Each structure stands twice: as C-alpha cells, then as structure tokens.
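These notes are about the structure you will find just below.
The values are calculated or read from the model by the stated rules, or taken from the named source; none is laboratory data. None of these values were measured; they are calculated from a predicted model. As a convention, Cβ positions derive from the backbone with ideal geometry for all residues, glycine included, and neighbour counts pool all protein chains shown.
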Amino acid sequence: FSVTKKETKPYEGQKPGTSGLRKKVTVFQQPHYLANFVQSTFNALPADQVKGATIVVSGDGRYFSKDAVQIIAKMAAANGVRRVWVGQDSLLSTPAVSAIIRERISADGAKATGAFILTASHNPGGPTEDFGIKYNMGNGGPAPESVTDKIFSNTKTITEYLIAEDLPNVDISVIGVTSFTGPEGPFDVDVFDSATDYIKLMKTIFDFESIKKLLASPKFSFCFDGLHGVAGAYAKRMFVDELGASESSLLNCVPKEDFGGGHPDPNLTYAKELVDRMGLGKTSNVEPPEFGAAADGDADRNMVLGKRFFVTPSDSVAIIAANAVQSIPYFASGLKGVASCRSMPTSAALDVVAKNLNLKFFEVPTGWKFFGNLMDAGMCSVCGEESFGTGSDHIREKDGIWAVLAWLSILAYKNKDNLGGDKLVTVEDIVLQHWATYGRHYYTRYDYENVDAEAAKELMANLVKMQSSLSDVNKSIKEIQPTVADVVSADEFEYKDPVDGSVSKHQGIRYLFGDGSRLVFRLSGTGSVGATIRIYIEQYEKDSSKTGRASSDALSPLVDVALKFSKIKEYTGR
Ligand code: VG1
Ligand code: CO
C-alpha cells in the first residue's frame, strides 16, 4: 500500500468526555471527522507507541463500528503501526480490550501499546443514535487527562492526516492474519476470537468449579441479559459452555448494531425484560430465578438482582470487598491489602467496609481513568461506581461479567456446605446481612437529560455560590424540611492523584450533612446532546432496626431538599 496525506480542517467539540468522544453517528459520518480524531490521537502519543506498535481496534459492535475499523486500520498502516488486533466482527467488550492489552502476546512476542475502543457504552446505537471512540493506554486503562487534553488540543489545529487509501478492506468476520507491505515495511490485520483471552483471564481469578456446582444445584436458578450488546459475545461461552448454565437462562445475547432499538443500560428502567423476569416489574405466575444480571452495550457495567430484589451498585462493590478474600481465589492472598476505591458520588457503603476491615481506601472523581494510577501502584484492588460499574485490578476498566462472577462466587461460598440443604442463602440474605453488620446507605440518583446547557451551567453556578454561607444554606434547607440534619460542609470536589500529583478540579458540588447524608450535583461528561444534570442523594442508617425501609420513603425528605434547594424546576423547567 501507499500513504496519502489528506488535507483537513479542525472540527469543533472533539473533546473526550468522562469516557471518550461520544456523538451522534451522523456527526461521525461527516467527512474526515473520525480521521481527525484518530490522527490527533496518534499525534498525541509518543512515537514508539505508533511506529512499529501493536494497537487494538474494536468495540461493542454498534452501528458504524465496521466502517470505523477499516478507516482506523488504513490510518494505522499509514502512520507506521506494525499491526492492529481486531476482535472477530469488530467485537470486543471494553474489559476484554483492557485484558488483551495486558495479557495477549503475538507470535513474535509483541504486546499491544494501546487500543481504540469503539463504543458509546450504554447510549443507544443505530444510524440516528450514538457512536463513540476512546483511547486506552498500555496499562489497559483509559488515557489519563494529560493525554486526552493533548488529543483535544491537536483536534483544534489539525491540518492533515495520513491514510493508506489503497489498503483493501479486511474481512473482519473471518479469523486470521492478513499481511500487507507498505513504504515502511510489513503491516498486519490480525482478527481473532473475541472471547478466548478474556475467558482465560477469568479462569485465573475465579474458582469455576465452585460456581459450576452452584449453577448445577436444583435450588439455584440464573438469568443473564446482554441487552443486545457485546456481552452476548461472551455470555454463551462463559455461562453455558464453561459454567453449565442452560441456554434458556440467556436473554438478548446476540449482539446487534442497534441493540434491538433499546438503551443498552443495565438498570431498573432499561433492562425491562430482566426486571420483569426477576419479579420486580410486571407480575407473572412464573417463579423468578434466584439470581439475575445484565450488562451494558460494551459490557463494562453490570446490574445484579436477586429474586424480587435489587442490589444498588454502591452496595454491590461494598459487599464484594467485604467478601472477596474468602470467596474469590484472586484475592485469597489478602487482596494486596484489599485496598478499595470508589468514585466520589458513589455511596459511602464501601467506606464503612474499608474502615471495619482496615482496608486502604480512596475516593476519586467520576470515571474509571482515575482508578488506573492507584491500581498500577498497588493501592487499589476492588473498586466501583454508583453508575453500575464494578471491577478490580485484574484489568484497568470496570468489568460487567467479572462482577457477575464475583457475585456467583460469593453465593457459591456462602452455600458451599448448603447446596443440598432446604434453602439456599440468597442475594437478598447477603445484602440484609451486610446492612445488619455495616448499616445501610439509602441512595438514589436523579438524572435530567438533554437540558439546556446554559440553564445547567447557571444552576451549578448558583449551587457553588450558595456554598459561601452555610448558615444561609441551613436556613433555607430547614424551611424546606425542618427534620433533616445540618449541612456541616460544602465544597466542589477536587482530587489530587496520590501517585502522580496531578490535580482535577470541579469534579462535583457537594453538600455534606452532619448525619453522614450527602447531596452531590454534577454535570455528566458522557452525553451527546445538551447537558445532563445528575443529583446524587444519600443517607446513612446505622440502626439495624431501620435498615429495612423502602428507599423512596427513607430518602423523601432529602429528595425534597435537593430539588427545591437546587431550584431545578426554576432553572430547567423539569
Ligand atoms: C457516567 C457515569 C460514570 C461512568 C461513565 C462511563 O459518566 O456517571 O460513573 O464512569 O458514565 O461509563 P457521566 O460523566 O455521564 O456521569 V460507561 O459504561 O458509559 O463507559
Ligand atoms: Co459501558
């Protein structure tokens, strides 16, 4: 092939958000739009991570992925990349990409130095929906802000990019290596099975035999919903072939370019079919399974459900941390001190576990990239976010299927002498027991999507301004709800990375109450149109006689305060 220099002009707004660049497919389809971002990324990387390097390119298989893979392969070839690794049909889950960067070795001993992950995660897909791209580094984690800032600044000045226009498209539905020769030497496109490396890694972490025994118990029943996302490329191999679940336990596990027209977001709203099946939605005569789970489009998020029971993600990570050493072989040696981390808006359930078990603990801004440095430094082994993200330092992304295996491991451990008994220890039992020991963090999040960006900014500015007088804050809060505790401090969350000293400012507005309750306000960094305001509402209940209330009841005074105090209706009309 030959290399062509293409002239181009900058596009506005190619700033990577919380997790890469996410825009409508139609935006990505504009001439040179994707190429500008890809070249800006190559230009932001050290030369040895481009020239002669091995780079992964794949994603959740959403609409436009197949075109994007071919464009990126041609650009990689032209920029002197030695080979690209592609999952069959361009499918690799975000956690699998992270695993492949860290674990996979080519025949000639090369490892990948990075990856373009093609996903907009839980956002809908299809010709009129979202596409996304993000770059991950050699440790398997999302590029840090220092790199994404550089990429963004390159997008503002770009004038040309390199592409091998005459490189033929490679058939990415077929496994195998296709080799080419360019001006700088050989270039390979290596298409491989999407699941093999990932399953191999999971086998080194979990005790598959004990999970198999649990799944084989006639008292246990299991259900997994792939929401038509890339988890489907792993689910049958993992749960059916490896662990012996029945095929009928898999829902929506054939990946689709448009996710069947839905939101591939594993929560109580969008994972409707699973929610109904688990007895939390439409009533039915069929007895729900004991355990249910779902993953998002790129399979890094997870939702865990018991029979008629929802586990909040903030509780999930706390429960995994509390049970990891006993239940999961990877952590048996003491979990590198079982260090634990959560993002700031995630509930403090993990803090209580960390304190009780004497684990190291860190609080980072929203977004997985902040966990990476801590993990690389051995300071974080289990971590999670309230947004249905859970994971560990086995990779540098959150990991939906890992979380399901972690829960199955805990269930297997708790029932190891009980599989023939009358009644299994259930998901609900485990959570109730956890609350009895550690107390309960009632928690909810309100999302206002696609609001006017100016109105959102003004709302946030007002909340910052109010922080200058706590006595005024408390006065107006008491007028709304006289019974809530006093706000004892209020600030904008700022994070100093303990490893590299970098500082991230304006990471969310916090109002902290004397009884441990919190209100947090943030603008989302993953939306593709307008602004999204997120309000996080949390209340701690230590008294074990009061941990069984309906979450909506327990939180209702604080919710009222959050909505009225922020003047959400005045600012947004919502
Ligand atoms: C959201 C979540 C955040 C998560 C991010 C990426 O970001 O709040 O916790 O890390 O999505 O997840 P934001 O900025 O919209 O609040 V995913 O599965 O979309 O890669
Ligand atoms: Co995701």
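A few points about this structure:
- When we screen S333, S347 for residues that are of a type in the set (S, T, Y), in contact (Cβ under 8 Å) with a residue 60 or more places away in the chain and at negative phi, the only hit is S347.
- Within region 13-39, considering residues that are assigned to a loop (DSSP other than H, G, I, E, B) and either without any contact (Cβ under 8 Å) to a residue 60 or more places away in the chain or within 16 Å of ligand 1 (Cβ to nearest atom) (or both), the one farthest from the chain's Cα centre (by Cα): P31
- Residue match in region 522-529 (condition: within 21 Å of the chain's Cα centre (by Cα) and at pLDDT 95 or above): yes
- Residue list for region 258-287, restricted to those being among the β-branched types (V, I, T) and modelled with pLDDT of 95 or more: V275
- Verdict on R301 being modelled with pLDDT of 95 or more and more than 16 Å from ligand 2 (Cβ to nearest atom): no
- Screening S468 against (1) modelled with pLDDT of 95 or more; (2) under 30 Å from S121 (Cα atoms); (3) among the small types (G, A, S) leaves a single unmet condition, (2).
- Taken over region 277-298, the criterion of being under 12 Å from D225 (Cα atoms) and either surrounded by fewer than 19 Cβ atoms within 10 Å (Cβ to Cβ) or away from ligand 2 (no atom under 16 Å from the Cβ) (or both) is satisfied by R277, M278, F291, G292.
- For region 41-84, the set of residues classified as in a strand (DSSP E or B), away from ligand 1 (no atom under 16 Å from the Cβ) and touching a residue at least 60 places away in the same chain (Cβ under 8 Å) consists of I55, V56, V57, R83, V84, listed by residue number.
- Residue match in region 256-276 (condition: surrounded by 23 or more Cβ atoms within 10 Å (Cβ to Cβ), among the hydrophobic types (A, V, I, L, M, F, W, C), touching a Cys at 6+ places or on another chain (Cβ under 9 Å) and in contact (Cβ under 8 Å) with a residue 40 or more places away in the chain): yes
- The criterion of at least 1 residues that are within 16 Å of ligand 2 (Cβ to nearest atom) and under 17 Å from the mean Cα position of the chain (by Cα) is met, among helices (runs of 4 or more DSSP H) falling completely within region 312-407, by 313-327, 369-376.
- Single unsatisfied condition, C253 versus (1) away from ligand 1 (no atom under 16 Å from the Cβ); (2) over 16 Å from F224 (Cβ atoms): (2)
- Residue in region 286-302 that is within 16 Å of ligand 1 (Cβ to nearest atom), assigned by TED's automatic domain parsing to the domain that holds L359 and assigned to a helix (DSSP H, G or I) present: no
- For region 215-234, a residue qualifies if it is under 21 Å from the mean Cα position of the chain (by Cα) and without any contact (Cβ under 8 Å) to a residue 24 or more places away in the chain, and exactly one does: G232.
- Count of residues meeting criterion [within 16 Å of ligand 1 (Cβ to nearest atom) and acidic (D, E)] in region 509-542: 1
- Selection status of K212, more than 24 Å from F331 (Cβ to Cβ), in contact (Cβ under 8 Å) with a residue 12 or more places away in the chain and basic (K, R): no
- Residue match in region 478-493 (condition: of a type in the set (F, W, Y), assigned to a strand (DSSP E or B) and out of contact with any Cys (no Cβ under 7 Å at 6 or more places or on another chain)): no
- Scanning region 338-358 for residues that are over 24 Å from I535 (Cβ atoms), of a type outside the set (K, R) and surrounded by fewer than 24 Cβ atoms within 10 Å (Cβ to Cβ) turns up V338, A339, A354, N356, L357, N358.
- Here V404 does not fit the description of being touching a strand residue (DSSP E or B) at 6+ places or on another chain (Cβ under 8 Å) and within 15 Å of A322 (Cα to Cα).
- Every residue from region 268-285 that is within 14 Å of F222 (Cα to Cα) and part of a loop (DSSP other than H, G, I, E, B): M278, G279
- Some residue of region 461-471 being assigned to a loop (DSSP other than H, G, I, E, B) and among the small types (G, A, S): yes
- Given (1) crowded, with 24+ Cβ neighbours inside 10 Å; (2) in a strand (DSSP E or B), index of the condition L162 fails: (1)
- Pick from region 88-140, criterion within 16 Å of ligand 2 (Cβ to nearest atom) and of a type in the set (D, E, K, R), ranking: surrounded by the most Cβ atoms within 10 Å (Cβ to Cβ): K134
For (1) closer than 23 Å to T547 by Cβ; (2) touching a Pro at 6+ places or on another chain (Cβ under 7 Å), each residue gets a yes or a no:
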site	(1), (2)
R445	yes, no
N450	no, no
L459	no, no
E479	no, no
E492	no, no
G508	no, yes
G514	yes, no
R518	yes, no
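- When region 502-514 is filtered for residues that are assigned to a loop (DSSP other than H, G, I, E, B), modelled with pLDDT of 95 or more and more than 22 Å from the chain's Cα centre (by Cα), only G514 remains.
- With respect to the conditions (1) within 16 Å of ligand 2 (Cβ to nearest atom); (2) at pLDDT 95 or above; (3) more than 26 Å from G176 (Cβ to Cβ), Q39 falls short on a single one, namely (1).
- Region 71-87, subset crowded, with 24+ Cβ neighbours inside 10 Å and of a type in the set (G, A, S), residue nearest to the chain's Cα centre (by Cα): G87
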